Amino acid sequence: MSFANAILLAGAALISVPILLHLLMRQQPKRIVFPAVRFIKQRQQSNRRRLRFRHLLLLTARCLAILLLVLAVARPSVPPELVDRFVASAVVGGLAIVALLGVAAAYWLQSRRWVFIATLVVAGILVATGAALAVSWVGERQDSNVAGGVESPVAAALVFDTSPRLTYKHDDKERLDAAREMALWLVGQLPNESEIAVLNSRSDSSAFAIDRGAARKKIESLGPTAAGLTLPQVVAEAVTRVRESDLAQREVYIFTDLAAAAWPLEETRRLADVLKDGEDVRLYMVDVGIEKPINFTLGDLDRFEESIPAGGTLALRTNVSAIGTGGERVVELHEFITSEDGALPGKPNERPTRVRQRQTVSTTPGSAQRVELRASGFAEGTTQGYLQIVGGDGLAWDDRRYFTVTVAPAKRVLVASPKPVDDYVLFLAEAIAPSGDASGKRYSCDVMDLDQLGETRLEDLLAYAAVCVLDPTPASTKLWTLLGDYAKLGGGVGVFLGSNAGGNVRVPVGKINEAAAGFLPAPLVRIRTRTSPPFQLVTDNKSDAILARLANYDVPWGAYPVYKYWELAELPRGARVVAKFDDGAPAIVDQPLGQGRAVWMTTPVSDAASVLGYWNLLPTADPPWPFLGLVDGMMAYLTGGGSQRFNYATGESAVLEVPARFASVVVTTPPGDDLTLQPDAKQQRLFFRGTEWPGSYLASAGGTLDRWQRGFSVNAPAAECNLARIDPTVLREAIGLSALQIARSQEEINRDVTRGRVGVKLFPWIMLVLAAMMAGEFVLATFFYRPKAVEKASAAELMRAA
Amino acid sequence: MPTVEKYLKPDVIRQIARLDLRAQFIVKGFFQGLHASPYHGFSVEFSEHRKYTPGDNPQDIDWLVYAKTDKYYIKKFEAETNITGYLVMDLSQSMSYTYRQDLTKFDYGICLAAALCYLMVHQQDPVGLVTFDTKIRASVPPKSKRTHIGTVLSTLANLRPTGETDIAASLTQLDAMLKHRSLVMLFSDLLAEPQPALQSLRRLRHAGHDVILFHILDEAEVRFPFEGVAEFEDPETQEALDPVDAVGIRQDYLAEVNDFREMFRRECFQSGIDYVPLDTSMQFDRALVEYLVMRRARG
């Protein structure tokens, strides 16, 4: 509790007046001659006791009235969060006084013994409870944010939700502008010598500003940002920041649109833990959102092929959803047009585009509609563009989804096998380059037998991006040496071991081990067989590049049984198990070799189901999509094209492969800023962390003579732009502040702040109790000293009786 | 209000100095009131006829009725029975108390006694007077002559409250004095130990006397109008109590007084004694009615 006029509390000394009057100023008795003293004498004792109690009652009432009056003029106030405790203390205190009077009454009026003991016990309990409350109260108050009045300086942190959602326009004003306006007004309202910090979701938010001007400037410079900390994290940071201040009053103002996306419940609950440390920081929530927003949203793009072959087709799929409204909308696929000379003037997002496809969708409020747009015929190199909902709405940020793809000619892959080649290569060759799809093939597939491969020159082999060997025989050492050399020079070799490798009377297992020594990751040991139940693949390493195509699916490998596989000796360090069988033995092993790599699969993919003694049904069970996904991933890995990503979410680090010859790369951000960065020379990669703006980014190097250019796209997660609002009750509950007020206007902020700084004013309540106390005192006094009209009646009664 | 009736009020009667006039006015006022009251028939006039039976006084034969009916009838009068009345005055010091400084309990009792004396003599009832404090002090033997009124009234007029009192002993003494069945009318505030007094009253009753107990208290003793802190002093013993808050104790006091009167009423009722609680603010007719009721019962 705090007092506006604490000095007036000294007036409590006035209670000595009635006490002194009671003790000292006793009336001098008048002597009255009265014959009927015998009747007085008989009741004198009990009368005296009763009188004493009445006097005590009156004295208590008068003292309490004076105390209450003094308390009222001192204008006390209680912090809102402690009102309930204060009321509890006051009630217990009042009851304790009543109980103590009860004890006095029981003593003076000589009530029965048990009444006296009972009142004594009740009074004891109440006094003990009151004392316990008072102690806990005092303990609480030590760390609490003592309300120091409206004009004491405060340590204030202004937290802004600068998510793209806040660019929602209502009445031609962005929500962020509304927040900014409100904050600028608030800064003007803060008491002199206050410390002000401005924080938003950028992690580089500053410490306390030196003066209001700096704070204002900072507020004015706030812009939307899609990356960084979540709002509860920023609030927690703000709470920590104001706690560091020496000022007694600490306040955090949160400017939010109260979108559910801004207050993820888990993190909000963690914020509650931060706040629970003490009640020393007051939180004020300023709602700048719109109760019923109207908006169309383009959802996150489904995963799509980021590297497409020349002539291939780009397919983009997403959802179109609406909130607060519905209707038809046109979605367009735009492709940025790159000038002939490759120069990129201005901002990447504002380059001219051409529309490659349009689609009309019909939406209803609260539902999502799928759209798929396709385009093909892209030029080789990097292609950027976006999907867009045509026609504006309140929030522009979620009307566009950017994409970047690279277009490259089909890569050549050589598939070799023992004779007859056609019997072996059918499944793999079809999986790599389907024969039915003439255009847009990512790979072109050449086929030869092992003998031919063994005779091929290394230079010729290097024309292939990858070489796959199906069910090899031990063959000659020359062949394996060739493959090893090819791999070391940067090629990718895939080997699918099968029955031809040996392990029988005719071809002992030692033969291939001997021939391929130095290339095999580990010697073959034996063929392991199991039919009931058969082995099955386990691909739980979802992040592996080879398994990338299957990462999003729960593959039912049980439907693709494996009956036999080659058991390998212990793998050397450096070899990596990509997939296992269910008994733990390696199924796919990746072994880096020089600049290249070799991937071994210990069971073949060339056995037709019609051939007696097939090892597995991986390529032949229906439907074959896991096999296709596996091969696709493997080819992408072996050809070195699978690890490149060109599309990121805001806040993610973008990685670009940069040729070693470039020492610096210029990255142009969507707003048009050019940032010069040094790539990691060893990894030949550029790491870019400033992906806070959604849009197209361009990376270029080499000037005009040796131009190298790549690009990537960044999109804000669609959930960030979801304008659906959180229920204030849920928010209060999650944040752990049931009394948290949410203000929408300057008046409401004023009201909440005054309430927070000054606390709940107790003046009216004390006056009410005071009035009740004075009325009680008056009633008591009147009741005790009223003239009795009994005697007349009693005399008349006696006469009647007589 | 009829002019004579006002003399039933103590406030009015105290303005009259002479006791005989006071008595006269009280009785006249009383009877004036009776004309319209249900107390008709209490007079000493003709009441009824009854047949003559041998042994009746031949003087009472109504010869006019005989002339008309040829039968002997006797005139019957209310006052045909003589009652010897004794007015017994308590001379205790407490009787001299008055709160309003006008009519003391003693004065009230004197007026009442005078009126009753007047009334009785006019009904040809012999009336005597006895005063007592710790013992019987003065005594006027009962007579029914009109001149006796003067004797009694002059004695009454000269009475003064003296000091302590002993009702029980005095009544015992009176009991010994009375030879015939009499009507004893006791005027007292009874501010003494009640049980001995009651015992003496019972003894009187047991001896065949009719007793009317006029319990006279001061208006202040009945209403307790005091305020503030006071030390109450007993006028007889000069004993002073510890200071008490008058307002605070009023309720208790009144309860105690009522209990006291109630106890007397109950005890008197059981003993066949008429108990008449009075205070100095009450009209006198209450006492006169009480006497006449008793007179009739005796008739």
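Here are some notes:
- Between residue A:457 and residue A:220, residue separation times 0.36 nm minus the direct Cα-Cα distance comes to 78.5 nm.
- Projected label points at residue A:551 and residue A:571, each 7 Å from Cα along the beta carbon direction, are separated by 1.9 nanometres.
- Amide H to amide H, with H built 1.01 Å from N, residue A:251 comes under 5 Å of A:155, A:156, A:157, A:282, counting only residues 5 or more places away or on other chains.
- Fraction of alpha-carbon pairs over 20 Å apart in the stretch A:550-703 - percent: 63
- If you take the Cα centroid of the stretch A:53-69 and the Cα centroid of the stretch B:213-246, the two points sit 31 Å apart.
- Using all pairs of distinct alpha-carbon atoms, the Kirkwood hydrodynamic radius of the stretch A:525-566 works out to 11.6 angstrom.
- Shielding by other protein chains, B:237-249, mean Cβ within 10 Å: 6
- Estimated [θ] at 222 nm from DSSP helical runs (n ≥ 4, -39500 (n - 2.57)) normalised by residues in the protein assembly as shown, nearest 500: -11500 deg cm²/dmol
- Take the Cα of residue B:286, go 7 Å toward its beta carbon, and the backbone nitrogen atoms of the stretch B:95-119 under 14 Å from that spot belong to B:105, B:108-109, B:112.
- Here's the list of aspartates and glutamates a cross-link from residue A:30 could span, going by alpha-carbon distance under 19 Å and ignoring same-chain residues fewer than 8 apart: B:221, B:227, B:231, B:233, B:234, B:236, B:239, B:242, B:245.
- Here residue B:266 and residue A:778 are evaluated by their C-beta separation; at R0 = 56 Å the FRET efficiency comes out at 0.85.
- Reduced Cα scattering model of the stretch A:173-311, Debye log10 I(q)/I(0), q = 0.21 Å⁻¹: -1.49
- The orientation-averaged shadow of the Cα convex hull for the stretch A:691-767, equal to a quarter of the hull surface, comes to 10.1 nm².
- Screening chain A for whole DSSP H helices of 30 Å or more along their axis (Cα) with average Kyte-Doolittle hydropathy at least 1.0 returns A:83-108, A:113-143, A:763-785.
- Binned Cα-Cα distances of the stretch B:87-180, short to long, each 10 Å bin given as a whole percent: 17, 46, 32, 5, 0
- Dipole of the stretch A:30-115, positive end: most advanced residue of A:87, A:53, A:76 [Cβ charges, Cα centre]: A:53
- Dimensionless Rg over Rh [the stretch A:268-389; C-alpha; Kirkwood]: 1.18
- Sites residue A:754 and residue A:24 - FRET efficiency at Förster radius 60 Å, r taken between beta-carbons, to 0.05: 0.85
- Kirkwood hydrodynamic radius over Cα pairs of the stretch B:165-274, then Stokes diffusion coefficient at 10 °C and 1.306 mPa s, in µm²/s: 102
- Distance between the pseudo-spin-label points of residue A:17 and residue B:237 (7 Å out from Cα toward the beta carbon): 4.4 nm.
- Dipole of chain A computed with +1 at Lys/Arg Cβ and -1 at Asp/Glu Cβ about the Cα centre; of A:387, A:191, A:619, farthest Cα towards the positive end is A:191.
- Radius 12 Å from Cβ of residue A:657, net charge of other residues (Lys, Arg +1; Asp, Glu -1): +2
- Per-residue HN-Hα couplings for the stretch A:599-607 [Karplus 6.51, -1.76, 1.60; θ = phi - 60°; Hz; x = Gly/Pro]: 10, 10, 10, 8, 9, x, 10, 10, 7
- Other protein chain C-beta atoms within 10 Å of residue C-beta, averaged over B:277-290: 1.
- Cα-based equivalent ellipsoid, the stretch A:530-634: semi-axes from gyration tensor eigenvalues, Å: 22, 17, 13
- Taking chymotrypsin sites (Phe, Trp or Tyr not before Pro) across the stretch A:228-298, none is in a DSSP loop with at most 14 further Cβ atoms lying within 10 angstrom of its Cβ.
- Less than 5 angstrom separates the built amide H of residue A:697 from those of A:712, A:713, A:714, all sequence-distant by 5 or more or on a different chain.
- Top positive-direction residue, dipole computed over the protein assembly as shown with Cβ charges, set B:228, A:772, A:168: B:228
- Spherically averaged projected area in nm², based on the convex hull that wraps the Cα atoms of the stretch B:236-299: 6.7
- By the Cα gyration tensor, the stretch A:642-758 has an equivalent ellipsoid whose semi-axes, rounded to whole angstrom, run 47, 16, 13 from largest to smallest.
- Of A:411/A:682; B:145/B:179; A:173/A:292, pairs whose Cα-Cα distance is over 22 Å: A:411/A:682
- Cβ-Cβ FRET estimate between residue A:585 and residue A:622, R0 fixed at 25 Å, reported to 0.05: 0.45
- Kirkwood radius and radius of gyration were both taken over the C-alpha atoms of the stretch A:673-714, and their ratio Rg/Rh is 0.97.
- Counting all C-alpha pairs of the protein assembly as shown, share separated by more than 52 Å (%): 60
- Inter-chain Cβ neighbour average for residues A:689-699, partner chain, 10 Å: 0
Rule-based calculations on the coordinates, nothing more; no lab input. As the structure is a prediction and not an experimental result, all values here were calculated from the model. Heads up, the Cβs are rebuilt from the backbone with ideal geometry, glycines too, and the neighbour counts pull from every protein chain shown.
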